[in-house]
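Everything below concerns the one structure shown next.
The values are calculated or read from the model by the stated rules, or taken from the named source; none is laboratory data. Just so it is clear, the structure is predicted and the values come from calculations on it, not from any experiment. Every residue, glycine among them, receives a Cβ derived from its backbone with ideal geometry; neighbour counts consider all protein chains shown. To get the accessible areas, we keep the full protein, side chains included, count just its heavy atoms, and leave off ligands, DNA and RNA. Shrake-Rupley method; radii C 1.70, N 1.55, O 1.52, S 1.80 Å.
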Amino acid sequence: MDFLFVFGSNVFQHQLAQLINQAIETTGVKLILITGGVARYNDLRIDSVAESERILAAIKYRDRTDLRFILETISTNTLENVVEARKAYNFQVSKQMLFIAHSYATMRSYLFHAQGEITGWPLVLPSEVEGYGVSQADWHKSAKGRALIWGEYLRFEAYGRRGDFPIQAVEHTP
């Protein structure tokens, strides 16, 4: 793997860092681009530290000199994660990319990059039901999982139709 792309998150930043640590240990990746600015949601407290900076602070390998970390600190949503990251790094030079995103947004995250050899690692979010996270296997077992998947479906349709990513690549044609 020559490149790791991390979609920012305003939650579970330590868990994202653990996945990044795992990717460094198992794939040999040396270039890690972490996205995420300061979220501007009404129901969240305002924080002046960018998501990407919080994620980097939780990575145990952040001081290794053989690794290169690029932080993108402006974006506030998935599309901006990609748009702003492309200003910081030329994705065309990477042939093998690993990305980390919330489990429910993995397909949309993949479609933003759909070129070259791409592998996604989902971050499984906890649900309100003990023992079941919001994952491909268990999303339907909790109200939180069903709500996240429904919201993702609506975003997928809206953003795909708007042209943010090539939705045709995964649409079923009669």
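Odds and ends about this structure:
- Net charge of neighbours whose Cβ lies under 11 Å from the Cβ of PHE7, counting Lys and Arg as +1 and Asp and Glu as -1: -2
- Ellipticity at 222 nm from helices only: DSSP H runs of n ≥ 4 in the chain, each -39500 (n - 2.57), divided by the residue count, give -11000 deg cm²/dmol.
- For the chain, accessible area per residue (1.4 Å probe, heavy atoms of protein chains only), Å²: 55 Å²
- Expressed as a whole percent, the accessible area of the stretch 108-174 that falls on carbon and sulfur atoms is 56 (1.4 Å probe).
- Note on the stretch 55-174: antiparallel DSSP beta bridges, both residues inside, total approximately 20 percent of the bridges counted.
- With q set to 0.14, 0.22 Å⁻¹, the log10 of I(q)/I(0) for the stretch 39-174, from the Debye formula over equal scatterers at the Cα positions, is -0.82, -1.56.
- Under 11 Å, Cβ to Cβ, from GLY145 - net charge with Lys/Arg +1 and Asp/Glu -1: 0
- The chain, dipole about Cα centre (Lys/Arg Cβ +1, Asp/Glu Cβ -1), debye to the nearest 20: 160 debye
- The relative contact order of the chain comes to 19 percent, based on Cα pairs under 8 Å that sit 6 or more residues apart.
- Summed residue charge, Cβ within 15 Å of ARG86's Cβ, Lys/Arg positive, Asp/Glu negative: -3
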